[in-house]
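Asker: Below is the structure I would like to discuss, written out as structure tokens.
The values are calculated or read from the model by the stated rules, or taken from the named source; none is laboratory data. None of these values were measured; they are calculated from a predicted model. Every residue, glycine among them, receives a Cβ derived from its backbone with ideal geometry; neighbour counts consider all protein chains shown. Note: areas computed on protein heavy atoms with side chains; ligands, DNA, RNA excluded. Shrake-Rupley method; radii C 1.70, N 1.55, O 1.52, S 1.80 Å.
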Amino acid sequence: VMRMATAISLQKVRFRDPRATEPEWNYGSHEEGKEEYLLKDGQVQRNLVKVMKDREMQHFVDLQHVELNKKEAAALELNHSEVVLPAASSMLSKDTAEDVRSHQSAVPVTTGSPESQKCRAEELLNLHWPPEKFGDAVLRKAFPTKALGVVYVIIQQMQLVKFDLRGTLRRSDDTTFSLMLTGPNNGQAFVQMYLDGIDFSAPKSNVPGFVHQASVLDHVFRPMEHHSRMGTERAGGLKRGPLRVKFKMLVEFQMKNGHWEVKPGALSDVDITFGNGGAVESMINTLLDIFGKVDELLLETLWPMVVNYFPENVVQALEEVSKKDGQLAHHFKIVAQCQKQIGDRCGSDRVDFFIKDLTSVDVATSTVLPMYLSNLSPSKDAMEESLALTLLNSYVNCTFEHAKSGKSGEGGPLQGMLGQAILSLSMEDNTRAQVNVSTQAVAPVKMLRCFLGDRVLTGLLPKEPSKSQLKGAVSLRQNELNISKVQLQSFRLPFAVSGKEDAIELSATLSRAELVLNETRGMMETLVGHVDLELDAAKGLILRRIADGYPLLSMDVSRKFLESLFHRVGDKWATPRNVRTGAQHSPAGRIDEEWRRPRAQPAQSLDFQQLLVKADASVGVRFSEREQEPQLGEEPQEHLQAHVSLLLHATLDMNSFFWRAALNRKQHDYGFIFASVVGAWGLNAQDLPKQAAFLQISCDQVQIFALPGRGPFEQQVYSKDIHEMFMQTGTPEFERIGDKICWKVQLKVTGWFEDPNYQFCGDANGMISIQQALHLQLTRLASVLEAQDEAKVADEESTKTTGVRFTGEEEVFGDSTWFRRYNAFDTSSWSPEIPVDYQKVETPLQRWHKAVRQVT
């Protein structure tokens, strides 16, 4: 029926084309008055062109009638004087009938956008498994599929048993990078979960029924097993079992014309299994295959994230640098194991994680940095305002002067440079943490002279002896500051008097000092610091590691600061990554709270302080200079090596609260107007209808249900897509009858074109709200192609800033509400979510019971 309705709508659009009346086209059909094919005897058959003409004439008469009675209609008084009745018949408040037709011919006829499908599936999910009863499930989702229709999935409990993933990203040659995801011993990476309380339903398919029937027999023959948390029960079955995902992926991508391109032949190997065998598991695994293309999903999900680590400007720079002048490698390892594993599940929700991450960079600074500065071309003002650009420019000038002097064989400004720092964190519980920082560094004299200049460096260097020193220790405990033996030797402070340069040279020793401070505030409870800094005329600036093993800095973090930090992390985690910001008349625009569908469940929050049981982490950074051995005929080049490492041991309490928050964090904003009202429904007769009914506008459709009916939302008496209303020649008709406002609709029962008239009547305030909601939704539908054009412009800007390019055309439907192409590096392209400040919660059942109370 829906396909036939779509076909008729499309044919009507074709009829309105100016060429329709030309003899050679003749409405793109057959001779008027002659049928292309005949229906069976007794079936109704009418010529569509004649039907349209009759309806358009009647519509014209109705419009004239409205204009003639406009003053009279405006003069009608309602029981509530503050309510103003809008125009009785208007499709879009600012459009004439001809304007409506022009919108109709421009809007896509085909419906079924991902937004409308997911929106309607979510509405049905909240009736199928209502939040009132199933709100504690860790996963409760509806998935629109082509093979099975809408599939509803619910999982009551979930545990992470094992996880092992290794990854390597490296530069293969001058133009190619490779990404490999593997598991231990170069095998498959794997994830093992245990799922409990599983159920799924697909009302439009018999497959779930077959699985349920098979599970009855399958369950009987399973052995009994005992678990401390679940008691004695049969192993596996439909309701519970282990879920194992194994995958391996190798992708190569190349730099081409300033952007990334995936090389053909990407390899992926993905296996997903549920349970430990048996008929039920075989059927569920078959369903997983029907949902299918998991390997493609893996590539589509991970690939944009990896590619977007390298924006377009970085790609352009790398293209100009050979592999030997610019090398990059990134390695990571993530391993997790639950505590107290018992068979396929765990006796505890706590999971131990080990993460190791290493990034290595090796670039020829004497080649890359001058090239980078040349491409950047900063202005003089920008150079003076930025310390980084000033230092970069100083280094580039030094390399040019070094090359001109013919001393390239003696080593460049960075020769002998070294920098190393280690930051470690220890958190035994989630209320206290200790941070230690240990570091050492060497800045050679050549490097200081390059960055500071001879004049400044000469002013800082002592005359006799040939070095300055600063050594000492300081501690802060509660409100007491203790300084123990601070030694200052030959520390020079240059200045100028009457144009002459001079310096004050200081030498001092402070044996001990104690200070009592006011109440300390901030992140630290205790602080211990040690310093050993030396400026040597021959060796340069040296920051030494303390000989007896003391760190540069040791700090106990305060409980209040930790609580504040975890709170800020939780707020950041709950903040939507993208929300609608455009004008309300655009289908991609924001929707005011008045017309927004309430949340079915409160926004999910995650308490990170309860999640993190304990953690030990260390971050290491090391910089050093390396001299590249020149090939025959080449000049030696300075190379800067950088290594960044992360080691993390952590224990997380991944209980049901965590999984429910993690799996349901995103609450999508589908971009459809919502409104509802209680009234009465019946034939359009002299008397008002008597059947109590509930009208709801949601997900681009109007639905009317009998109250109280056979149950919540079960007895539907009318349903129609608003897009279909838009594509028809008629307009929603509202009129005043006594103290009520009625909406006239047509219910197709006897044929396509001869339909009895029905009406829905309600109180003036509620019906005016419904009319305004309809007009707003119709206005948004009329702007689909405009929103698509705006999205294309935004995508082009996104490509310029991120370097990610799109191929092919994205299909746009008549009921689409989001038109941006997904770019993992540009959050403004992501599917919009409900704003965090909109917290109205009302389930469909609450809405229904509220309506029932109004009529009883």
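Asker: Once you place label points 7 Å from the Cα toward the Cβ at His668 and Ser605, how far apart are they in nm?
Answerer: Between His668 and Ser605, the label points sit 2.7 nm apart.
Asker: Here is a follow-up. Could you pull out the pairs from Lys141/Lys720; Lys133/Lys840; Lys118/Lys850; Lys666/Lys840; Lys256/Lys356 whose alpha carbons sit more than 21 Å apart here? Could the numbers behind the result be given before it?
Answerer: On the way: Lys141/Lys720 25 Å; Lys133/Lys840 19 Å; Lys118/Lys850 25 Å; Lys666/Lys840 16 Å; Lys256/Lys356 32 Å.
Violating the 21 Å Cα-Cα cut-off are Lys141/Lys720; Lys118/Lys850; Lys256/Lys356.
Asker: Sorted by packing (mean other beta-carbon atoms within 10 Å per residue), highest first, where do 699-705, 665-671 land?
Answerer: Working: 699-705: 23.4, 665-671: 19.7.
Per-residue Cβ counts within 10 Å, averaged per peptide and sorted highest first, yield 699-705, 665-671.
Asker: Stretched out fully, how many nm does the piece from Ser564 to Glu811 gain, at 0.36 nm a residue minus the Cα gap? Spell out each step's value before the answer.
Answerer: On the way: separation 247, 0.36 × 247 = 88.92 nm, distance 4.56 nm.
Going from the current span to full extension adds 84.4 nm.
Asker: If you don't mind, there's one more thing I want to ask. Taking the Cα of Ala508, stepping 7 Å toward and past its beta carbon, and measuring to each backbone N in region 474-493: which are under 19 Å?
Answerer: Under cut-off, by backbone N: 474-475, 481-493.
Asker: Let me cross-check Phe561: its accessible surface, 1.4 Å probe, with only protein heavy atoms counted, in Å² to the nearest 10?
Answerer: Solvent-accessible area, nearest 10 Å²: 60 Å².
Asker: Taking 0.36 nm per intervening residue step and subtracting the Cα-Cα distance, what contour gain separates Gln584 from Thr801 on full extension?
Answerer: Values: separation 217, 0.36 × 217 = 78.12 nm, distance 2.71 nm.
Taking Gln584 through Thr801 to full extension adds about 75.4 nm, to one decimal.
Asker: Now for a different question. In nm, to one decimal, how far is the Asp653 label point from the Leu387 one, both placed 7 Å along Cα→Cβ?
Answerer: With each label placed 7 Å out from Cα toward Cβ, I get 4.2 nm.
Asker: Which whole-number percent is the relative contact order of region 320-382 (Cα, under 8 Å, 6+ apart)?
Answerer: Values: 68 pairs, mean separation 23.0, N = 63.
Relative contact order for region 320-382 comes out at 37 percent.
Asker: Please work out the FRET efficiency for the pair Leu533 and Lys333, using the Cβ-Cβ distance as r and a Förster radius of 45 Å; give the result to the nearest 0.05. Mind showing how you got there, number by number?
Answerer: Numbers: r = 37 Å, r/R0 = 0.81.
The computed FRET efficiency comes out at 0.75.
Asker: To continue, here is another question. Could you order the peptides 715-722, 386-393 from most to least packed, using the average number of other C-beta atoms within 10 Å per residue? Don't skip to the answer; put the middle values down first.
Answerer: Values: 715-722: 16.4, 386-393: 13.6.
Those peptides, ordered most packed to least, come out 715-722, 386-393.
Asker: Sticking with this structure for a sec: Given points 7 Å out from each Cα along the Cα-Cβ axis, report the Glu786 to Ser618 separation in nanometres with one decimal.
Answerer: It is 6.1 nm.
Asker: With a sphere of radius 11 Å drawn around the Cβ of Lys333, what net charge do the other residues whose Cβ falls strictly inside it have (Lys, Arg +1; Asp, Glu -1)?
Answerer: On the way: positive: Arg166, Lys356; negative: Asp164, Asp357.
Here the count lands on 0.
Asker: At a 10 angstrom cut-off on C-beta neighbours, averaged per residue, how do the peptides 508-514, 169-175, 657-663, 822-828 rank from highest to lowest? Don't skip to the end; give the middle numbers.
Answerer: Numbers: 508-514: 10.1, 169-175: 15.0, 657-663: 18.6, 822-828: 16.9.
By packing density, highest mean first, the sequence is 657-663, 822-828, 169-175, 508-514.
Asker: State the extension gain, in nm to one decimal, for the chain segment bounded by Ser475 and Lys840, taking 0.36 nm per residue of separation less the distance between their alpha-carbons.
Answerer: Working: separation 365, 0.36 × 365 = 131.40 nm, distance 5.10 nm.
Taking Ser475 through Lys840 to full extension adds about 126.3 nm, to one decimal.
Asker: Okay, moving on. Counting only heavy atoms of the protein chains, get the accessible area per residue of region 342-454 (1.4 Å probe) and round it to a whole Å² value. All intermediate terms of the calculation are to be shown ahead of the outcome.
Answerer: Values: 5860 Å² over 113 residues.
Solvent-accessible surface per residue comes out at 52 Å².
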